[in-house]
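Comments concern the structure below.
The values are calculated or read from the model by the stated rules, or taken from the named source; none is laboratory data. These figures come from a predicted structure and were not determined experimentally. FYI the Cβ positions are ideal-geometry reconstructions off the backbone, even for glycines, and counts take in every protein chain you see. Keep in mind that these areas ignore ligands, DNA and RNA; they rest on the heavy atoms of the full protein, side chains included. Shrake-Rupley method; radii C 1.70, N 1.55, O 1.52, S 1.80 Å.
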Amino acid sequence: MAYSDLRDWISALERADELKRIRAEVDPILEITEITDRVSKSGQGGPALLFENVKGYRGCQVLINQFGSERRMKLALGVESLDEIAARIHQFLDAKSPEGLLDKIKMLPMLADMAKFFPKTVSSGPCKEVIRRDDFDLLHMPVLQCWPQDAGRFITLPCVITRDPKTGKRNVGMYRMQVYDARTAGMHWQRQKVAAEHYRDAMRAASSGGASAAVDVMARSGGGAVEAAGERPRGKLEVAVAIGTEPALTFAAVIPAPPDVEEFMIAGFLRQKPVELVKCETVDLEVPATAEIILEGYVNLDELRSEGPFGDHTGFYSLEDLYPVFHVTCVTHREKPIYATTIVGKPPMEDAWMGKAIERIFLPLMRVTLPEIVDVNLPVEAVFHNLMIVSIRKSYPGHARKVMNGIWAMGQAMFTKCVVVVDEDCDVQDVREVVLRVANNIDPERDIQFTLGPVDSLDHSSRLPNFGSKMGIDATRKWPTEGFTRPWPDQIRMDEATKRRVDAMWKKLGIE
Ligand SMILES: Cc1cc2nc3c(=O)[nH]c(=O)nc-3n(C[C@H](O)[C@H](O)[C@H](O)COP(=O)(O)O)c2cc1C
Ligand SMILES: [Mn+2]
């Protein structure tokens with residue numbers, strides 16, 4: 001049940017009564033944010049919104065909050081429960097080599113499934129309905145200014161496509177873009193993200209002083225620190241941006257996938273149908289054929305510009321910093337393109353639901369490296385990188401600390417500012433229970449583990465941009481083999497016989 005494009009998805013939302021069309025005129029400057037924020041904070045995330053009358057953009061439609069509830073997230077991925085996806089992943093991870101014909105036959109559906117992951121290149125598609133080689137302007141799109149102190153208008157839901165200069169593999173990442181003028185925008189890929197590595201690889205390849213000179217420039221570019229762009233090698237990295245893609249690809253661009261796994265394949269896996277790609281007009285990249293809008297262009301290796309501030313998903317403004325500049329060379333789009341966007345801000349907002357879906361889908365993948373993990377909770381209020389609560393099946397002394405280190409070593413989980421580890425009998429989804437356990441079970445000096453390392457670029461409290469400390473709390477029951485020789489008390493629980501007796505007399509007591 002894959003959606004062929006954004007419009008197909010919008011129809012599905014409408015059929016499911018998950019979309020509200022807004023016919024009143026609204027301004028893309030601040031007003032759409034205020035409306036959407038109120039909707040996001042109402043009930044279970046409110047409906048998706050399609051603004052049909054955007055001030056200054058007659059005939060343009062803006063889609064927002066498309067992922068903003070658990071129900072829509074499931075609808076987007078075509079599942080009844082997010083655990084279905086985890087189960088499908090698990091099935092692949094769990095595959096044993098077939099023994100005998102019967103095993104092989106049993107594997108056929110799985111292999112057929114795999115064939116659907118690979119994207120398919122097609123000769124043309126709806127994203128080529130209008131090709132603008134000269135007459136384009138980024139502000140032809142109703143780009144939002146989200147919050148009062150934002151540095152300008154930001155494209156907030158772009159699928160940014162780059163190619164690894166070493167392997168030729170493509171990456172699709174969601175990185176916001178601050179519109180500077182008609183033809184340039186900031187390219188806010190944070191330095192630990194995959195496109196930033198493609199960019200550094202292009203620098204390494206272009207550097208006359210060899211790779212070490214390029215590394216030298218990077219070592220000095222601490223983020224926030226003034227950096228001499230002129231010292232960088234000349235050259236460029238081609239970039240294409242798709243806006244308004246079908247939901248599986250949009251979501252795939254957010255997923256913290258291993259760097260070498262193409263998001264086009266992840267989208268193919270999620271929608272169980274290949275993503276169709278078409279070649280760009282002016283750069284050597286492929287883009288989703290059914291996207292509403294495609295921006296083609298490049299970033300110069302020796303050009304950086306101030307980006308931000310921007311009201312971010314932490315609930316604070318992320319600070320101004322230097323980022324590459326995207327230059328547009330061509331825009332292609334559908335007739336009357338629908339502009340898809342989102343806003344971030346104080347949680348919960350639309351991205352909270354995407355984050356929760358990632359939490360569920362990644363559990364089996366985390367367990368590949370850390371099989372002792374029973375469950376994980378990333379509370380929305382801690383905006384995903386600030387707090388991870390994990391329960392583990394504790395089997396040896398120091399086990400909780402092994403798990404913390406494993407998490408800090410795992411992809412974007414490296415950013416986790418605080419990891420809380422509890423025993424398997426604690427339900428991590430029940431934050432009250434977690435607080436009770438943690439507060440009771442820790443001797444703080446003994447059970448808190450500090451470490452130093454990379455932190456999220458959005459962290460405004462770390463001692464340096466991108467570098468700071470992280471903390472793990474071992475709230476598991478302490479063992480004698482960990483040096484804890486005092487008796488450890490049981491938790492209070494009534495015995496079953498008494499409970500049954502009280503059940504039997506309950507009505508007679510006249511309390512309810
Ligand atoms: C709405 C939204 C906006 C985002 N903006 C940025 C951004 O500006 N910069 C960034 O590095 N990551 C941003 N992210 C997070 C990345 O999309 C995410 O880390 C993703 O896994 C990156 O892909 P990559 O692993 O291929 O680099 C954003 C996520 C969402 C949901
Ligand atoms: Mn990626």
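Normalising by residue count, segment 251-330 has a Cα convex hull of 151 Å³ per residue.
Computed over the Cα atoms of segment 289-446, what is the convex hull's projected area averaged over all directions, in nm²?
13.3 nm²
For the chain, with all protein chains in place and a probe radius of 1.4 Å, 55% of the accessible heavy-atom surface sits on carbon or sulfur. Charge dipole (Cα centre; +1 on Lys/Arg Cβ, -1 on Asp/Glu Cβ; no other charges) of segment 221-358 amounts to roughly 340 debye. Orientation-averaged projection of segment 375-512 equals 11.5 nm² [convex hull of Cα atoms, one quarter of hull surface area].
Summing Lys, Arg as +1 and Asp, Glu as -1, what charge do residues with Cβ under 12 Å from the Cβ of PHE310 carry, PHE310 excluded? Cβ neighbours under 12 Å give a net charge of -3. From largest to smallest, the equivalent ellipsoid semi-axes obtained for segment 20-68 from the alpha-carbon gyration tensor read 19, 11, 8 Å. Magnitude of the charge dipole for the chain, about its Cα centre and with charges confined to Cβ atoms of Lys, Arg (+1) and Asp, Glu (-1), is about 660 debye. In the frame of its principal axes, segment 327-368 has Cα extents of 43, 29, 23 Å, reported largest first.
Can you give the calculated 222 nm mean residue ellipticity of the chain, where each DSSP H run of n ≥ 4 adds -39,500 (n - 2.57) and the sum is split over every residue, rounded to the nearest 500 deg cm²/dmol? Before the final figure, lay out each step's value.
Working: 14 runs with 153 residues, N = 512.
Rounded to the nearest 500, it is -9000 deg cm²/dmol.
Only aspartates and glutamates eight or more places from LYS273 in sequence, or on another chain, were considered; those with a Cα closer than 16 Å are ASP5, ASP8, ASP113, GLU246, GLU262, GLU263. Entry note: segment 1-103 has Rg to Rh equal to 1.19, where both radii use alpha-carbon atoms and Rh is the Kirkwood radius.
Scaled to the globular estimate 2.2 N^0.38 Å, the Cα spread of segment 293-365, given as radius of gyration, is 1.49. Only one residue of VAL344, TYR199, ASN441 has its Cα farthest out toward the positive end of the dipole of the chain, where Lys and Arg carry +1 and Asp and Glu -1 on Cβ, and that residue is ASN441. Shown in residue order for segment 267-279 are the 3J(HN,Hα) couplings computed by the Karplus curve 6.51 cos²θ - 1.76 cosθ + 1.60 at θ = phi - 60°: 5, x, 5, 5, 8, 6, 7, x, 7, 8, 10, 10, 6 Hz (x for Gly and Pro). Here's the picture: charge each Lys and Arg Cβ at +1 and each Asp and Glu Cβ at -1 in segment 1-148, and of PHE136, ALA95, TYR57 the one pushed furthest to the positive end of that dipole is ALA95.
What the Kirkwood sum gives for the chain is a hydrodynamic radius of 24.9 Å, with every pair of different alpha carbons counted.
Take the alpha-carbon centre of segment 145-177, take the same for segment 275-323, and report the distance between them in whole Å. Each part reduced to its Cα centre gives a spacing of 3 Å.
In this simple spin-label approximation, SER97 and GLN491 carry label points 7 Å from Cα along the Cα→Cβ vector, and these lie 4.4 nm apart. For segment 91-155, the spread of Cα positions along the three principal axes, ordered from largest to smallest, is 63, 36, 12 Å. In segment 446-501, taking the dipole from charged Cβ atoms about the Cα centre, the farthest positive-side position among GLY468, PRO454, TRP479 is held by TRP479.
Only lysine pairs 8 or more places apart or on separate chains count here, and in segment 345-493 those with Cα atoms under 19 Å apart total 9.
Relative to one another, the C-alpha centroids of segment 240-267 and segment 463-512 are positioned 41 Å apart. Taking θ as phi - 60° and the Karplus parameters 6.51, -1.76 and 1.60, the scalar couplings of segment 87-104 work out to 5, 5, 5, 4, 4, 6, 5, 8, 4, 9, 5, x, 10, x, 5, 4, 4, 5 Hz in sequence order, x denoting glycine and proline. Expressed in Å, the radius of gyration and Dmax of the Cα atoms of segment 380-458 are 12.6, 36. Projected onto planes of every orientation and averaged, the convex hull of the alpha-carbon atoms in segment 418-498 covers 7.7 nm². Per residue, the solvent-accessible area of the chain (1.4 Å probe, heavy atoms of protein chains only, all protein chains present) comes to 46 Å². The distance linking segment 77-91 with segment 24-75 is 28 Å (Cα centroid to Cα centroid, whole angstrom).
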